[in-house]
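Notes to accompany the following structure.
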Amino acid sequence: MKECIFCKIISGEIPSYKVYEDRETLAFLDINPVHEGHTLVIPKDHFENIYSIPPETLARLSLTTQKMAIAVKNAVEADGINIIMNNEKDAGQIVFHAHFHVIPRRHNDGLANWPQKPYEAGVASTLQEKIKHTLE
Ligand code: 5GP
Ligand code: ZN
């Protein structure tokens with residue numbers, strides 16, 4: 001993709017701190033890390049988001065993400081790692097080349113996790129059916 005920042009990182013047109021690559025995937029440091037060591041893992045072929053990545057590529061991407069979670073944890077002695085993927089603008093996606101964030105966390109680092117709340121009566125079972133139905 002001509003105008004994609006991450007495709008330009010893959011080709012070397014835009015510089016980056018690459019930390020791992022194989023035939024299908026690349027990992028490099030995020031330019032604005034949540035914590036030092038924050039790494040992005042991408043497929044070398046351009047896919048916009050989780051919906052369009054072919055299964056084989058997603059499998060390779062997952063394996064590289066696991067590898068990087070362990071490597072980053074060891075390198076920065078993280079107390080934990082978040083794996084996050086934003087899909088579509090309203091979910092916070094800014095770069096439309098699919099990527100996993102590997103984010104090191106620190107004990108009591110003050111970053112809020114997602115606000116959550118329990119279901120109201122009956123809602124979970126309705127949703128259960130709705131989601132299952134879309135898979136048919
Ligand atoms: P998104 O919100 O799309 O999930 O995250 C995109 C990420 O890409 C952001 O965390 C942002 O800091 C990172 N990013 C954007 N442009 C560049 C760049 O040119 N180089 C690198 N290394 N990271 C980038
Ligand atoms: Zn791209």
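Restricting to segment 8-44, and then to whatever is in contact (Cβ under 8 Å) with a residue 60 or more places away in the chain and of a type in the set (D, E, K, R), can you tell me which residue is most open to solvent (accessible area, probe 1.4 Å)?
The selected residue is GLU36.
Hey, any hits in segment 45-61 for a residue that's in contact (Cβ under 8 Å) with a residue 12 or more places away in the chain, of a type in the set (D, E, K, R), within 16 Å of ligand 1 (Cβ to nearest atom) and open to solvent by 40 Å² or more (accessible area, probe 1.4 Å)?
The answer is yes; a qualifying residue exists.
Looking at (1) touching a residue at least 60 places away in the same chain (Cβ under 8 Å); (2) over 11 Å from the mean Cα position of the chain (by Cα), can you tell me which one VAL102 breaks?
Here VAL102 meets the rest and fails (2).
Among the residues of segment 79-136, write down those that are basic (Lys, Arg) and open to solvent by less than 50 Å² (accessible area, probe 1.4 Å). Explain how you work it out, then say what you get.
Here is the first cut: in segment 79-136, the ones basic (Lys, Arg) are 89, 105-106, 117, 130, 132.
Correct list: ARG105 only.
Could you pull out the residue among ILE103, ILE83, ILE53, ILE42 that is in contact with a Phe, Trp or Tyr (Cβ under 7 Å, 6 or more places away or on another chain) and either of a type in the set (Lys, Arg) or farther than 26 Å from GLU3 by Cβ (or both)? Lay out the reasoning, then the answer.
Values: ILE103 fails: in contact with a Phe, Trp or Tyr (Cβ under 7 Å, 6 or more places away or on another chain); ILE53 fails: either of a type in the set (Lys, Arg) or farther than 26 Å from GLU3 by Cβ (or both); ILE42 fails: either of a type in the set (Lys, Arg) or farther than 26 Å from GLU3 by Cβ (or both).
The match here is ILE83.
The values are calculated or read from the model by the stated rules, or taken from the named source; none is laboratory data. Just so it is clear, the model here is predicted, and its values are computed rather than measured. All Cβ positions, glycine included, derive from the backbone under ideal geometry; neighbour counts span all protein chains shown. The protein model used for the area step is the full one, side chains on, heavy atoms only, and it has no ligands, DNA or RNA in it. Shrake-Rupley method; radii C 1.70, N 1.55, O 1.52, S 1.80 Å.
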